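These notes concern the structure reproduced below.
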2 protein chains.
Amino acid sequence: MPDQPTFSAINPSTGQSIASYRESTRADVDAAAGVAQAAFTTDLPPFWQTDLLDTVADRIVDLGDPLLEIAEAESALPRPRLTGERARTTSQLKLFAAHVRQGAWLDAVIDTADPSRKPAAKPDLRRMNIPRGPVAVFGASNFPLAFGTIGGDTASAMAAGNPVIVKGHPSHPGTSALVASAVMAALDHLHLPKGLFSLLQGTSHDLSAYLVQHPAITAVGFTGSQRAGRALFDLAAARPRPIPVFAEMGSVNPLIIMPGAIKANGDAIGKGLAGSILLGVGQFCTKPGILLVIGDDRRPLIQSLTAALTSGGTMLNENLRNNFCSNTSSIAQTPGVQTLLAGFSQNHAGITPSLFATEAATFLANPRLHEEAFGPAALMVHCPHPQDAINCLSHIEGSLTGSLHFSPDDDQKMVRQLLVALQSIAGRVIINGFPTGVEVSPAMVHGGPYPATTDPNSTSVGTAAIRRFTRMIAYQDVPDTLLPPALQNANPLHIPRTVNNQTNTGSIGQ
Amino acid sequence: MPDQPTFSAINPSTGQSIASYRESTRADVDAAAGVAQAAFTTDLPPFWQTDLLDTVADRIVDLGDPLLEIAEAESALPRPRLTGERARTTSQLKLFAAHVRQGAWLDAVIDTADPSRKPAAKPDLRRMNIPRGPVAVFGASNFPLAFGTIGGDTASAMAAGNPVIVKGHPSHPGTSALVASAVMAALDHLHLPKGLFSLLQGTSHDLSAYLVQHPAITAVGFTGSQRAGRALFDLAAARPRPIPVFAEMGSVNPLIIMPGAIKANGDAIGKGLAGSILLGVGQFCTKPGILLVIGDDRRPLIQSLTAALTSGGTMLNENLRNNFCSNTSSIAQTPGVQTLLAGFSQNHAGITPSLFATEAATFLANPRLHEEAFGPAALMVHCPHPQDAINCLSHIEGSLTGSLHFSPDDDQKMVRQLLVALQSIAGRVIINGFPTGVEVSPAMVHGGPYPATTDPNSTSVGTAAIRRFTRMIAYQDVPDTLLPPALQNANPLHIPRTVNNQTNTGSIGQ
């Protein structure tokens, strides 16, 4: 098909094309949805997805250096970072497999019958979570592995037992294709239906829109910009049968520093903050973007922070670089904003970090300053009194994280009030630390009020992410042999279940 | 304010006005939202809502016969039914209070720190569910108590710790006002902020739209028609900050009967089915509306069913009666549909039941026959073979329930396939029983795929309904004294928590 549209993978360090990829079409979406639906209705053994998750992890390791090489070429992320990200991706898959086997995510609840109850007999009722059906996942550009084709959204949707159709990020199509080959190899090895996973590639909005509107799709996972996430959310909500879009759209991640903390640790906080701002060339969803600095002795902090904010880097693609430059110049041009470090654009996608400072009053008066500038930039807001920081927080929209640095010398009543204010807008609250470095663990919440996400009752990182991609079902008076294994009397999967209000992993006597 | 709009409560049995009520205004919404927001940010003791739920239950009983009298006058539901519904409402409140105290709904998960972990120290992370904020609830007409002002949606939103603003159903404003007085008395008795509960009354669409779009509202519970539920869902999704609408919009509740079941129990099934269709004059969300009857010997079933479908009744309001009449006459006029029992309209809202029969081919060809006719009507679809029933199910939209009657003599392979087909469209699957009579219990799911509900990962009945009205939050390295009690080391609330993957109710050693 010689006249089919293609797009190029660009090396952001050189601006040169690496390779050309075919744009997926509506027909490709129909085909992927068709095989996904067929795979979903195939009778598979309980917990089939655990072997798949484990095997995919192994197959990704098997890809070896070529995976790291292409990811490096397509993302400009340094090799050690990508090696670490690969380890995070495979350990995430194995953690999810273990979590699925453990079975608590099924939320199995059984109320046994009471035929003698008056005025009416009580039926036998058994509830659990089951997969929703085919899920569409939109990979992120900033974690080509851990939030890409087999990243957190795909892993959690798959862990819940759903077929997944990934729309790979056009910044790294070669990385996506290699990872997809590992998934297909795992499906093949396990004799599982190939329709359980498909990769679509392309740059067109129509492709994404058609996928989200496809009748076979039952839920969407997305990581990316607020504009793109909201567009998909709106399309999904307007469907004849609406479906949820779990979109993680980044945030400003306010970080508050109280005067006692500056006095006690100003230098260390400045260095830690710089490290957090620079991580991945500032391209983390949890990068602290707004620093609310309380009190008047900010010097040690500013000195340490500006001194440490040195290294620039290459952004993931030219589009992000251009946005970063226009966002930072718009901040710099706001009256009342002082430029402490002027980031500048280097060759291609290269940039250096930016740091700005302003007063609480200026911040409150300029909504433009409340928005995220994705990349290595931060705005320090001078808050003479803790109440000024609380006022600033009330103007900041929903955020993935909120951080607070304080020392025992700080006003503990105000510490408490600041914590309450942070809680009200954030999905994760951090004390005397930095928001980057998101643990993949059972207690993690990588979520938060809109626009950090479209659903603050969910997380896109950690094992609690699985539950998003399930739905609830109850069985009433269904004979044991017709029940799914998770709800059968003998408890053949040995999972924890709440039986007549007691939780245990035992069986039910006949 | 003599020129303020009012509306009337109508006695459906007589068509006469009972009393006049003031229409709530946008200013009333603003006021209710303002006090709700203020109440939400008030520092209250842990589990304050349990005393409220218990006390409201007591205060509702204290209202005595006047509550039953006005509910009877406004709904035409018979006194024994309303007495039973009151008991269901108060026991639901007490069940939710006990469930909140037990604490598992908080889903507290703790991963303790590991400072020695390489390459990076592991932080202390603690996750739990917290209330979302003010919730708007739209009460249903068909359960003036159990799904009304202090019904399942209000009780679950309150159990999660949220302030609630109820828009009472205009069919029973007097009932709503009396129940609201009981809630306000409970708040007063417990010295809790009055803003934790408000009742709005009225008939205008603008009032409902303004409430759902109010910036202070964080979630919506709704029970009612598909048209109204979808309209609110669309408004909520289009907000600058979208919020979830948990809408339960009824369904056709397909019920399949296999030939062996007719042979063995045709008479009993017909009688049971008639009881289920007639319950509450057919005005149950779970009324079986489409009966897929497999095989050719249907006579015993039809005889028993038509003989038992005798008693008519008064519908909840004239609007529902008019819809019922137009829906049933549209079914009757569909070519290929036979009318076995012609329901007719009596005085005012009075009607008698309707029963129709058709062939699977006619059913498949007429989308109009796949829709719910709210009231005492059902359509029998003759399916020569089980596969015809599966085909019919594939044309039926998401449903609250799906039921299957079979006997040991029936083809067990087909039983299994029919069960799978029912599962794919229903929130609850029932074997050899009837869908009406929804248990309020931990294992209940009163939900299902769209359009039964807008969120198949939720239920509006049972203790699992509480989780809809929470959001997730994580605390990272937060000192014990600043943590909410549910996550403190000492576990002062004695709730089950998952600490480093082990679930127990103990404390964490220092």
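Looking only at segment B:306-318, how many residues end up being surrounded by fewer than 15 Cβ atoms within 10 Å (Cβ to Cβ) and of a type outside the set (D, E, K, R)? If you could, list the steps in order and put the result at the bottom.
Residues of segment B:306-318 surrounded by fewer than 15 Cβ atoms within 10 Å (Cβ to Cβ): B:307, B:310-311, B:318.
Next, only the ones that are of a type outside the set (D, E, K, R) stay: B:307, B:310-311.
So the count comes out to 3.
Residue check, A:Ala57 against (1) in a loop (DSSP other than H, G, I, E, B); (2) open to solvent by less than 30 Å² (accessible area, probe 1.4 Å); (3) without any contact (Cβ under 8 Å) to a residue 60 or more places away in the chain, all met but one. Which one?
Unmet condition: (1).
For segment B:401-414, name all the residues that are crowded, with 22+ Cβ neighbours inside 10 Å and either touching a Pro at 6+ places or on another chain (Cβ under 7 Å) or under 20 Å from B:Asn366 (Cβ atoms) (or both). Explain how you work it out, then say what you get.
First, the residues of segment B:401-414 that are crowded, with 22+ Cβ neighbours inside 10 Å: B:401-406, B:410.
Correct list: B:Thr401, B:Gly402, B:Ser403, B:Asp410.
Need the failing condition index for B:Ala264 against (1) open to solvent by 10 Å² or more (accessible area, probe 1.4 Å); (2) in contact with a helix residue (DSSP H, G or I) (Cβ under 9 Å, 6 or more places away or on another chain); (3) more than 10 Å from chain A (Cβ to nearest Cβ); (4) more than 22 Å from B:Ser141 (Cβ to Cβ), just the number.
Only one criterion in (1) open to solvent by 10 Å² or more (accessible area, probe 1.4 Å); (2) in contact with a helix residue (DSSP H, G or I) (Cβ under 9 Å, 6 or more places away or on another chain); (3) more than 10 Å from chain A (Cβ to nearest Cβ); (4) more than 22 Å from B:Ser141 (Cβ to Cβ) is unmet by B:Ala264, namely (2).
Determine which member of the set B:Arg471, B:Arg467 is open to solvent by 20 Å² or more (accessible area, probe 1.4 Å) and not in a loop (DSSP other than H, G, I, E, B). Spell out how you get there, then give the answer.
Working: B:Arg471 fails: open to solvent by 20 Å² or more (accessible area, probe 1.4 Å).
The match here is B:Arg467.
B:Gly295 - would you say it is out of contact with any His (no Cβ under 7 Å at 6 or more places or on another chain), within 14 Å of chain A (Cβ to nearest Cβ), surrounded by fewer than 24 Cβ atoms within 10 Å (Cβ to Cβ) and of a type outside the set (A, V, I, L, M)?
Numbers: out of contact with any His (no Cβ under 7 Å at 6 or more places or on another chain): yes; within 14 Å of chain A (Cβ to nearest Cβ): no; surrounded by fewer than 24 Cβ atoms within 10 Å (Cβ to Cβ): yes; of a type outside the set (A, V, I, L, M): yes.
No: the conditions fail for B:Gly295.
Those residues that are under 25 Å from A:Ser156 (Cα atoms) and open to solvent by 60 Å² or more (accessible area, probe 1.4 Å), I need them from segment A:66-96; list them, please.
A:Ser91, A:Lys94
B:Thr310 fails exactly one of the following numbered conditions: (1) outside any helix (DSSP H, G or I); (2) at pLDDT 95 or above; (3) of a type outside the set (Asp, Glu). What is the number of that condition?
(2)
Within segment B:229-243, count every residue that is open to solvent by 50 Å² or more (accessible area, probe 1.4 Å), of a type outside the set (A, V, I, L, M, F, W, C) and in a helix (DSSP H, G or I).
Going through segment B:229-243 one residue at a time, the tally reaches 1.
List the residue pairs whose Cβ atoms are under 6 Å apart, where the first residue sits in segment A:68-88 and is under 15 Å from A:His169 (Cα atoms), the second is open to solvent by 40 Å² or more (accessible area, probe 1.4 Å) and among the β-branched types (Val, Ile, Thr), and the two are 6 or more positions apart or on different chains.
Correct list of pairs: A:Ala73/A:Ile18.
Can you spot a residue in segment B:479-487 that is of a type in the set (Gly, Ala, Ser) and either in a strand (DSSP E or B) or open to solvent by 30 Å² or more (accessible area, probe 1.4 Å) (or both)?
First, the residues of segment B:479-487 that are of a type in the set (Gly, Ala, Ser): B:486.
With either in a strand (DSSP E or B) or open to solvent by 30 Å² or more (accessible area, probe 1.4 Å) (or both) added as a condition, the list becomes none.
So far as segment B:479-487 goes, no, none of its residues is of a type in the set (Gly, Ala, Ser) and either in a strand (DSSP E or B) or open to solvent by 30 Å² or more (accessible area, probe 1.4 Å) (or both).
Between a residue in segment A:368-394 that is under 18 Å from A:Gln283 (Cα atoms) and any residue that is surrounded by fewer than 22 Cβ atoms within 10 Å (Cβ to Cβ) and among the acidic types (Asp, Glu), which pairs come within a Cβ distance under 8 Å, given they are 6 or more apart or on different chains?
Hits for this filter: A:His370/A:Glu397.
Please tell me if B:Phe246 is assigned to a helix (DSSP H, G or I), within 14 Å of another protein chain (Cβ to nearest Cβ) and under 30 Å from B:Pro144 (Cα atoms). Break it down into steps so the answer makes sense when it comes.
Values: assigned to a helix (DSSP H, G or I): no; within 14 Å of another protein chain (Cβ to nearest Cβ): yes; under 30 Å from B:Pro144 (Cα atoms): yes.
So B:Phe246 fails the test.
Regarding segment B:35-43, can at least one residue be identified that is in a helix (DSSP H, G or I) and open to solvent by less than 10 Å² (accessible area, probe 1.4 Å)?
So in segment B:35-43, the residues in a helix (DSSP H, G or I) come out as B:35-40.
Going one step further and asking which of them are open to solvent by less than 10 Å² (accessible area, probe 1.4 Å), we end up with B:36, B:39.
Yes.
Can you say whether A:Gln423 is more than 9 Å from every other protein chain (Cβ to nearest Cβ) and open to solvent by 20 Å² or more (accessible area, probe 1.4 Å), as far as the supplied structure shows?
No; evaluated as a whole, the condition is false for this residue.
Only residues in segment B:115-138 that are within 8 Å of another protein chain (Cβ to nearest Cβ) count as the first member; pair them with residues that are open to solvent by less than 20 Å² (accessible area, probe 1.4 Å) and of a type in the set (Asp, Glu), Cβ under 8 angstrom, at least 6 apart or cross-chain, and list the lot.
As it stands, the answer is B:Lys122/B:Asp111; B:Leu125/B:Asp111; B:Arg126/B:Asp111, since those pairs meet every condition given.
Kindly establish whether A:Gly250 is touching a strand residue (DSSP E or B) at 6+ places or on another chain (Cβ under 8 Å) and either within 23 Å of A:Ala76 (Cβ to Cβ) or buried (at least 24 other Cβ atoms within 10 Å of the Cβ) (or both).
Values: touching a strand residue (DSSP E or B) at 6+ places or on another chain (Cβ under 8 Å): yes; either within 23 Å of A:Ala76 (Cβ to Cβ) or buried (at least 24 other Cβ atoms within 10 Å of the Cβ) (or both): yes.
Spelling it out, A:Gly250 is indeed touching a strand residue (DSSP E or B) at 6+ places or on another chain (Cβ under 8 Å) and either within 23 Å of A:Ala76 (Cβ to Cβ) or buried (at least 24 other Cβ atoms within 10 Å of the Cβ) (or both).
Condition check ((1) aromatic (Phe, Trp, Tyr); (2) more than 17 Å from the chain's Cα centre (by Cα); (3) within 19 Å of B:Phe96 (Cβ to Cβ)) across all residues:
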{"position": "B:His169", "(1), (2), (3)": "no, no, no"}
{"position": "B:Val183", "(1), (2), (3)": "no, yes, yes"}
{"position": "B:Ala209", "(1), (2), (3)": "no, yes, no"}
{"position": "B:Ile217", "(1), (2), (3)": "no, yes, no"}
{"position": "B:Ala238", "(1), (2), (3)": "no, yes, no"}
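Which residues, taken from segment A:454-484, are of a type in the set (D, E, K, R), at the interface with chain B (Cβ under 7 Å from one of its Cβ atoms) and more than 22 Å from A:Leu44 (Cβ to Cβ)?
Initial filter on segment A:454-484 (of a type in the set (D, E, K, R)): A:455, A:467-468, A:471, A:477, A:480.
Applying the additional criterion that residues be at the interface with chain B (Cβ under 7 Å from one of its Cβ atoms) yields A:471, A:477.
Residue satisfying the conditions is A:Asp477 alone.
Could you check segment A:490-506 and list, in sequence order, the residues that are surrounded by 15 or more Cβ atoms within 10 Å (Cβ to Cβ) and either hydrophobic (A, V, I, L, M, F, W, C) or in contact with a Gly (Cβ under 9 Å, 6 or more places away or on another chain) (or both)?
Scanning segment A:490-506 gives A:Asn491, A:Leu493, A:Ile495, A:Pro496, A:Arg497, A:Val499.
Among the residues of segment A:315-369, what is the count of those that are of a type in the set (Phe, Trp, Tyr), in a helix (DSSP H, G or I) and farther than 22 Å from A:Pro78 by Cβ?
Narrowing segment A:315-369 to residues of a type in the set (Phe, Trp, Tyr): A:324, A:344, A:356, A:363.
From the residues that got through so far, the ones that are in a helix (DSSP H, G or I) too are A:324, A:363.
With the extra rule that they be farther than 22 Å from A:Pro78 by Cβ, the set shrinks to A:363.
Residues that pass the stated criteria total 1.
Run down A:Gly437, A:Gly509 and say which single residue is at positive phi, at pLDDT below 95 and open to solvent by 30 Å² or more (accessible area, probe 1.4 Å).
Values: A:Gly509 fails: at positive phi.
Result: A:Gly437 is the single residue among A:Gly437, A:Gly509 that is at positive phi, at pLDDT below 95 and open to solvent by 30 Å² or more (accessible area, probe 1.4 Å).
Residues of segment A:435-453 being more than 8 Å from chain B (Cβ to nearest Cβ) and in a loop (DSSP other than H, G, I, E, B), which ones?
Passing the criteria: A:Pro435, A:Thr436, A:Val438, A:Val440, A:His446, A:Gly448, A:Ala452.
The values are calculated or read from the model by the stated rules, or taken from the named source; none is laboratory data. Because the structure is predicted, anything quoted here is derived from the model rather than measured. Neighbour counts are summed over all protein chains in view; Cβ atoms, including those assigned to glycine, are modelled from backbone coordinates with ideal geometry. To get the accessible areas, we keep the full protein, side chains included, count just its heavy atoms, and leave off ligands, DNA and RNA. Shrake-Rupley method; radii C 1.70, N 1.55, O 1.52, S 1.80 Å.
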